[in-house]
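Everything below concerns the one structure shown next.
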Amino acid sequence: MVLTNQLKKYIKSLHKVKYRQKYNKFIAEGPKICKEFLISKKFDIDFIICSQEGLDEFDSYLSKNTEKTIVCSNKDLKTISTLTTPNKILIVLSSNLSDINTFDPKISWAYYLDHVQDPGNMGAILRIADWYNINKVISSPDSVDVFSPKVIQSAMGAHNRVNMVTISPENLIESYSNHLISMSLDGKSIDGFKELSSGIIVIGNEGKGISQKIQDNSPYKIMIPRRGGAESLNASVACGIATHVLLNNET
């Protein structure tokens, strides 16, 4: 196969969310992240674009996908990359969102990301979910795209082990209002929730926090006690602290 101008144009279009959603495709880049996707096989591979160095390094993985592999120059790789410095390999994959019906909040933990806009936060939260074996990350339609190149980079392969789904706040409240755990400065100290062994931890927008509608329908409101003078915590940091405390409370 050859990296034609038409294929270059198509891959570059996937830098934008509207085309990722139109084609249901996304991009992964770099040796470490691409290795995760090649091993996992959770997402179908459309194209593997790599330099000769990348081909040599990943020969044992790429030999099973020779019909999908295109070797190109570093210059050509740079034209389709989302990175400032392209790194040996880029993969085009089919996106794959989970089914919310497979989640039972009575026995499992999940996150709901309410208008989380920063790709770094989204990626970090996916990594936290991966670390604590939280299988489901649910996001609102106005949150950053979980398949954004920056989210893919910051999640470091977590997409392969964490199932993601998008539902509206209205559907969340309708289906799961008895299981919502909202983080709020007006909430009860997180250390006091030893009765919780499952549920949906809601992470709010970086600037505005959790929407009032969700807060009003959350039976549990938790607060991470503050000892210093900081006004707030980063969304992913708060998520990590809350997860650690709640999951240790249940034991």
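Annotations for the structure displayed:
- Single residue of the stretch 175-211 satisfying the filter (exposed (fewer than 15 other Cβ atoms within 10 Å of the Cβ) and part of a strand (DSSP E or B)) that is modelled with the lowest pLDDT: 185
- Within the stretch 220-229, if we keep just the residues that are part of a loop (DSSP other than H, G, I, E, B) and either at pLDDT 95 or above or charged (D, E, K, R) (or both), the residue that is nearest to residue 173 (Cα to Cα) turns out to be 226.
- Residue within the stretch 16-24 that is of a type in the set (D, E, K, R) and in the same structural domain as residue 156 (by TED's automatic domain parsing) present: no
- The set of residues in the stretch 96-135 being basic (Lys, Arg) and at pLDDT below 95 consists of 106 alone.
- Residue identified as touching a Phe, Trp or Tyr at 6+ places or on another chain (Cβ under 7 Å), at pLDDT 95 or above and not basic (Lys, Arg) among 43, 47: 43
- Complete set of residues in the stretch 41-89 that are surrounded by 13 or more Cβ atoms within 10 Å (Cβ to Cβ) and of a type in the set (S, T, N, Q): 51, 65, 69, 74, 79, 81, 82, 87
- Listing of helices (runs of 4 or more DSSP H) fully contained in the stretch 8-110 that carry 3 or more residues being without any contact (Cβ under 8 Å) to a residue 40 or more places away in the chain: 17-23, 52-57, 59-62, 74-80
- Hey, residue 164 in a strand (DSSP E or B), touching a Cys at 6+ places or on another chain (Cβ under 9 Å) and crowded, with 18+ Cβ neighbours inside 10 Å or not: no
- Applying the criterion of being without any contact (Cβ under 8 Å) to a residue 60 or more places away in the chain and in a loop (DSSP other than H, G, I, E, B) to the residues of the stretch 141-160, the residue that is nearest to residue 126 (Cα to Cα) is 146.
- Cβ-Cβ contacts under 7 Å between residues 6 or more apart (or on different chains), taken from a first residue in the stretch 182-206 that is in the same structural domain as residue 134 (by TED's automatic domain parsing) to a second residue that is of a type in the set (Asp, Glu), are listed as 196/250; 197/250; 202/114; 203/114; 204/114; 205/114; 206/118.
- Per-region count, the stretch 86-115, residues under 30 Å from residue 244 (Cβ atoms) and hydrophobic (A, V, I, L, M, F, W, C): 7
- Residue within the stretch 146-161 that is surrounded by fewer than 20 Cβ atoms within 10 Å (Cβ to Cβ), at pLDDT below 95 and not assigned by TED's automatic domain parsing to the domain that holds residue 40 present: no
- Any hit, the stretch 230-251, residues being modelled with pLDDT of 95 or more and in a strand (DSSP E or B): no
The values are calculated or read from the model by the stated rules, or taken from the named source; none is laboratory data. This is a predicted model, so every value here is computed, not measured. As a convention, Cβ positions derive from the backbone with ideal geometry for all residues, glycine included, and neighbour counts pool all protein chains shown.
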